[in-house]
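Notes follow the structure.
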Amino acid sequence: MTKQQLFEQIQKKRSFLCVGLDSSLDKIPQHLLKYENPILEFNKQIIDATKDLCVAYKPNTAFYECYGKKGWETLIETWKYIPKDIFSIADAKRGDIGNTSAMYAETFFNEESSEMSFDSVTVAPYMGSDSVKPFLTFDNKWVIVLALTSNPGHADFQLQEIGGEKLFEKVLKTAQEWATDEQMMYVVGATRGAAFADVRKLAPNHFLLVPGVGAQGGDLNEVCKYGLNSQCGLLINSSRAIIYAGSGEDFAEKAREEALKLQKQMEGILAEARLL
Ligand SMILES: O=c1ccn([C@@H]2O[C@H](COP(=O)(O)O)[C@@H](O)[C@H]2O)c(=O)[nH]1
């Protein structure tokens, strides 16, 4: 999916919501445990209930890898179930020496070998250019580089100054030497609020994947105030607050209600910014 196509989806759906599929056996409604693959059934019902309200789905691979062979199968089947006009993100946070990164890229992008071909994968930039570049060799695929994360520990490294600039600023600048805003996005946590103004000074045109709305308490309005650009430029992720909104037989309806609340807020924000 190109950047323009993503913006068109945002305008069509009046939403820049990404639903996070962080699905685990101990959290999904207990009545689903009778299914042969409870998590897949859960994901399918969540997708059916929210697909007209969001423009992206983000399974975090940790929630699948922990179940071994069955978990990988669930990830593959979940990817297959995501409608192909909806942007898919493998939140895997990979990155290693070049030849190893190349294998990670095959894992998430090469359907012939792995049976999945996500639109994008999250990548940790700590190991530098050769750890990121192998992900950029696939046509029409995106790399989403961790820049300023939503967790409290972000300050340990990302806010440290090197040569007069913070590490996350260096990441934002240096990564732009590897790819354009047509192939690269950045992760910036919703809990960082006003820092979006600093991010936009360095990356005015990039899409930002923004986790942290919902369970982590990030403020959607503040993120949009500083982070919105002329093509929206934001994919706001919410995982637990949507998918675990209900725990009974009506869990998918409850998830829809939560997604709808965010979609309505987003519609208002897009309208006010004259992006619709
Ligand atoms: O900085 C980051 C990077 C990634 N995440 C991931 O996003 C979701 C958030 O889940 P919620 O339930 O909405 O809190 C989860 O998969 C994280 O691993 C992040 O939160 N912050």
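Each value in this text was obtained by applying a stated rule to the coordinates, not by laboratory testing. Source: prediction; values computed, not measured. For neighbour counting, all protein chains shown are included, and Cβ atoms are generated from backbone atoms with ideal geometry for every residue, glycine included.
One table, with the values for the structure above:
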quantity	calculated
Low-density loop positions, GluC sites (Glu not before Pro), the range 1-60 - DSSP coil, at most 10 other Cβ in 10 Å	Glu36
For Gly233, net neighbour charge (Lys/Arg +1, Asp/Glu -1) across residues whose Cβ lies under 11 Å away	+1
Proximal charge balance of Glu272 [Cβ under 15 Å; K/R count +1, D/E count -1]	+2
Positive dipole terminus of the chain, leading residue within Gly212, Ser23, Ala49 (C-beta point charges)	Gly212
Residues Glu258, Glu106, sorted so that the one with the fewest Cβ neighbours within 10 Å comes first	Glu106, Glu258
Neighbourhood net charge (15 Å Cβ-Cβ; Lys/Arg +1, Asp/Glu -1) for Tyr67	-4
Estimated 222 nm signal from helices in the chain, with DSSP H stretches of n ≥ 4 weighted -39500 (n - 2.57), rounded to 500	-12000 deg cm²/dmol
Residues Ile86, Ile10, Ile236, sorted so that the one with the fewest Cβ neighbours within 10 Å comes first	Ile86, Ile10, Ile236
Computed magnitude of the charge dipole of the range 155-205 (debye, nearest 20; Cβ of K, R +1, Cβ of D, E -1)	140 debye
Cα-based equivalent ellipsoid of the chain: semi-axis lengths in Å, sorted from largest, via gyration tensor	28, 23, 17
Compactness of the range 86-177 - radius of gyration and Dmax, Cα, Å	13.9, 46
Positive-end residue, the chain charge dipole about Cα centroid, Cβ charges, pick of Leu32, Val187, Phe7	Phe7
Net dipole in debye of the chain [+1 Lys, Arg Cβ; -1 Asp, Glu Cβ; about Cα centre; nearest 20]	540 debye
Likely footprinting exposure, Thr122, Thr107, fewest C-beta neighbours within 10 Å first	Thr107, Thr122
In the range 81-158, trypsin sites (Lys or Arg not before Pro) in a DSSP loop with at most 14 other beta-carbon atoms within 10 Å	Lys84
